[in-house]
Amino acid sequence: MTEELILANATLVLPGETRTGSVKVSSGEIADIAEGTSVPAGAIDCGGDYVCPGLVELHTDNLERHIQPRPKVDWPHASAIIAHDAELAGTGITTVFDAMRVGSISRKESRYGAYARGLAAELLELRAAEALKISHFLHLRAEVCSDTLIEELEAFGEADRVGLVSLMDHTPGQRQFRDLSKLEQYVKGKHGFDDAAFQAHIAHLRELRETYGDLHEAEAVKAAKRFGAVLASHDDTTAGQVAVSAGHGIQLAEFPTTVEAAQACHAHGIKVMMGAPNLIRGGSHSGNVAAHELAELELLDILSSDYVPAALLMAAVMQGQLWGDMARGLGTVTHAPADAVGLHDRGRLETGKRADLIRFRLTAGAPAVRGVWSRGLRVA
């Protein structure tokens, strides 16, 4: 950790407002926040650039993209983890919940093998060796339509930094893939299935849901409690599904697919998270509700980069412009996700908080990251 760092003459993104001032860091924590344009000796003159808390990412598939950069290409995991970590740091993300699927499918034609336990062990080893730049937690995506969810969950324990468990139900014809044509397009593109193989894939997933679905859901809820992790739903579509989520004690809804579901989430006190790519593109690639529509209805609380790390800051800025409140927009990627998973030591520019900071400016309307610090250390 640096002994002292001062970022001065900056547009500080504080809870609820932006203000010109400086941030002083000492021993990895925010030691002082001051107003004004003065630049003390030894300070970095930010020239009016934004300085905000480091971004908190709750749901990203980016690590999986690094370990399998092409179909059937298994990249060396240590190298992939380090590259993933550096990429996130470069986009301003200083805390990440790395999404890993648990629950496999053994059927040959649509086989998904188990990988999460081994990959998590490698990630935690690199973290212990101080080879990573930013703060990593695990997000276990519990696949209800699978053969092996229970045994894969049992391989994890309290020491594994599992901070989030999400209930993933990919039964064809509901939730994310209510429109089977969207699922067909996705699966055929990913696996090269012909029509017969696709129909067999659908039938098998439905059989798995019928056989194991309720049991797997219940066991995933138990596992989250055992880990001390926050429980999330995924792709809620109806008020009835949200009611079930609320009954499980779910606190976070990942990517509800309809206005009805988002409204029901807020009625139950469940925070709504939407994908930054959805907001940037103007709609969902699966044909579901657009993130900007939920934002306009005051139903969006948190943004996630999902599959494009650089989308997180860009979407937060867009959100701030949409709301006419940059502090509020950036709050969807800083204090809101941190609070949702109980990380109250970060996500705000306040004295005593972790010195996870980013400096950026808007260039041609896009945020350009000019510096990233994790606990006061420059990481990008």
Item checked: Spin-label model distance (nm) - Ala218 vs Ala364, 7 Å beyond Cα toward Cβ -> 5.7 nm
Note to self: Which residues among the stretch 70-109 fall inside the zone where the amide N is under 13 Å from a point 7 Å beyond the Cα of Ala129, along Cα→Cβ?
What the structure shows: 77-83
Check: Summing +1 for each Lys or Arg and -1 for each Asp or Glu, what net charge is found among the other residues whose Cβ lies under 10 Å from the Cβ of Ile270?
Finding: -1
Note to self: Within the stretch 31-150, what whole-number % of the accessible surface is contributed by carbon and sulfur, with the 1.4 Å probe and all protein chains included in the calculation?
What the structure shows: 53 percent
Next item on the list: Write down the percent of antiparallel bridges among all DSSP beta bridges whose residues are both part of the chain, to the nearest 5.
Entry: 45 percent
Check: When only DSSP loop residues count, what trypsin sites (Lys or Arg not before Pro) in the stretch 4-72 have their Cβ near at most 14 other Cβ atoms within 10 Å?
Finding: Lys72
Note to self: Taking 8 Å as the Cα distance limit and 6 or more residues as the minimum spacing, I'd like the relative contact order of the stretch 283-380 as a percentage.
What the structure shows: 15 percent
Checklist line | Cβ-based charge dipole, the chain, positive-most Cα from Leu322, Asn288, Phe156 | finding: Leu322
Check: With r defined as the distance between the Cβ atoms of Lys225 and Asp74 and R0 fixed at 35 Å, what FRET efficiency is calculated, to the nearest 0.05?
Finding: 0.60
Notebook entry, point to check: Taking Cα atoms, how many degrees apart are the long axis of helix 311-323 and the longest axis of the chain, rounded to 10 and kept between 0 and 90?
Noted result: 70 degrees
Checklist line | Average accessible area per residue (Å²) across the chain - probe 1.4 Å, nucleic acids and ligands excluded | finding: 41 Å²
Notebook entry, point to check: Quick one: net charge of Glu87's neighbours, Cβ under 15 Å, K/R +1, D/E -1?
Noted result: -4
Margin query: Just want to confirm a number: the relative contact order over the chain, from Cα pairs under 8 angstrom separated by 6+ residues, in percent.
Written below: 21 percent
Notebook entry, point to check: Leaving out ligands, DNA and RNA, what percent of the accessible area of the stretch 242-380 is carbon and sulfur, probe 1.4 Å?
Noted result: 51 percent
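For the chain, what does the helix formula give at 222 nm: sum of -39500 (n - 2.57) over DSSP H segments with n ≥ 4, over the residue count, nearest 500 deg cm²/dmol?
The helix-only estimate for the chain comes to -11000 deg cm²/dmol at 222 nm.
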Notebook entry, point to check: All other residues with a Cβ under 9 Å from the Cβ of Ser374 taken together, and with Lys, Arg as +1 and Asp, Glu as -1, what is their net charge?
Noted result: +3
Next item on the list: Might you work out the accessible area of Trp373 for me, using a 1.4 Å probe with all protein chains in place, and round it to the nearest 10 Å²?
Entry: 10 Å²
Next item on the list: Could you pull out every one of the aspartates and glutamates with an alpha carbon less than 15 Å from that of Lys353, ignoring same-chain neighbours closer than 8 positions?
Entry: Glu4, Glu29, Asp32, Asp339, Asp345
Note to self: Please report the antiparallel percentage of DSSP beta bridges with both residues in the stretch 1-144, rounded to the nearest 5.
What the structure shows: 50 percent
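The values are calculated or read from the model by the stated rules, or taken from the named source; none is laboratory data. From a predicted model like this one, the values you see are computed outputs, not experimental measurements. FYI the Cβ positions are ideal-geometry reconstructions off the backbone, even for glycines, and counts take in every protein chain you see. Please note that ligands, DNA and RNA were not included when accessible areas were found on the heavy atoms of the full protein model with its side chains. Shrake-Rupley method; radii C 1.70, N 1.55, O 1.52, S 1.80 Å.
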